[in-house]
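Below is one structure, written out as structure tokens; the observations come after it.
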Amino acid sequence: MGCGYPKDRVAVDLVPGAQKSGASAVRIGSVIRIMVVDSLSHITHYKGLHPNLDTAIEWLSRYTLTELENGRNIIDGDKVFLSIMDAELRDAEAAAFEYHRRYADLQFVLSGSEHWGFTEEAESKGDFHFTEDCGFASGPENAGGILKKGCFVLFFPGELHKPSCRAPACTHVRKAVIKILME
């Protein structure tokens with residue numbers, strides 16, 4: 001598939017059509033997570049997981065993200081919104097994991113590439129910020145990969161992830177993050 005997901009993880013067919021698209025979930029211990037890494041050309045395979053995710057997928061089929069300016073773009077009020085940004089990438093070893101309680105992150109790169117990390121073995125760092133729906137934690141990286149143009153990674157609420165980290169030969173990225181309310 002070429003979207004930066006480690007090949008040694010267990011593929012689990014949690015989503016209709018996921019195996020045919022080349023996507024996989026990750027099994028860490030006895031817990032199955034549905035964190036998804038796949039090609040944007042397969043994103044329609046994930047319709048039906050949640051109505052707000054469906055809204056995001058339908059919106060993506062109608063608009064060209066490279067034509068949008070940096071900042072927040074409303075798709076469906078506070079249920080689904082998009083942030084486009086230019087980011088200096090950070091060192092993965094020093095970066096904290098983040099997590100959300102209400103929103104999923106659908107992340108993709110518009111130019112450049114970035115390393116992303118995932119863990120289930122982390123300890124909270126400070127208070128959870130309810131207004132921003134964001135908390136931070138530290139721990140070892142259990143899985144990770146390189147996110148490049150044409151691919152996406154989807155992190156669901158509660159999944160500890162570390163985006164926007166330096167990839168080989170890349171220190172800057174232009175990316176989009178769609179926040180999807182999962183309540």
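Where a number appears in this text, it was derived from the coordinates with a stated rule and is not lab data. Just so it is clear, the model here is predicted, and its values are computed rather than measured. All Cβ positions, glycine included, derive from the backbone under ideal geometry; neighbour counts span all protein chains shown.
Before moving on, here are some points about what is shown:
- Cα gyration tensor shape of region 18-181, rounded if a/c is under 1.5, else prolate or oblate by comparing a/b with b/c: rounded
- Sorting 131-142, 69-80 by their mean Cβ neighbour count within 10 Å, with the most densely packed peptide first, gives 131-142, 69-80.
- Residues of type aspartates and glutamates that K149 reaches as a straight line, Cα spacing below 12 Å, ignoring anything fewer than 8 places off in the same chain: D38, E114
- Compactness of region 100-183 is given as radius of gyration and Dmax, 13.0, 39 Å, from Cα positions.
- S111 long-range amide H proximity, modeled H, under 5 Å: R174
- Counting every other Cβ atom within 10 Å of each residue's Cβ, K148, K162 order from fewest to most as K148, K162.
- For Q107, net neighbour charge (Lys/Arg +1, Asp/Glu -1) across residues whose Cβ lies under 11 Å away: 0
- Distances between placed amide hydrogens fall under 5 Å for L160 paired with T119, all partners being 5 or more residues away or on another chain.
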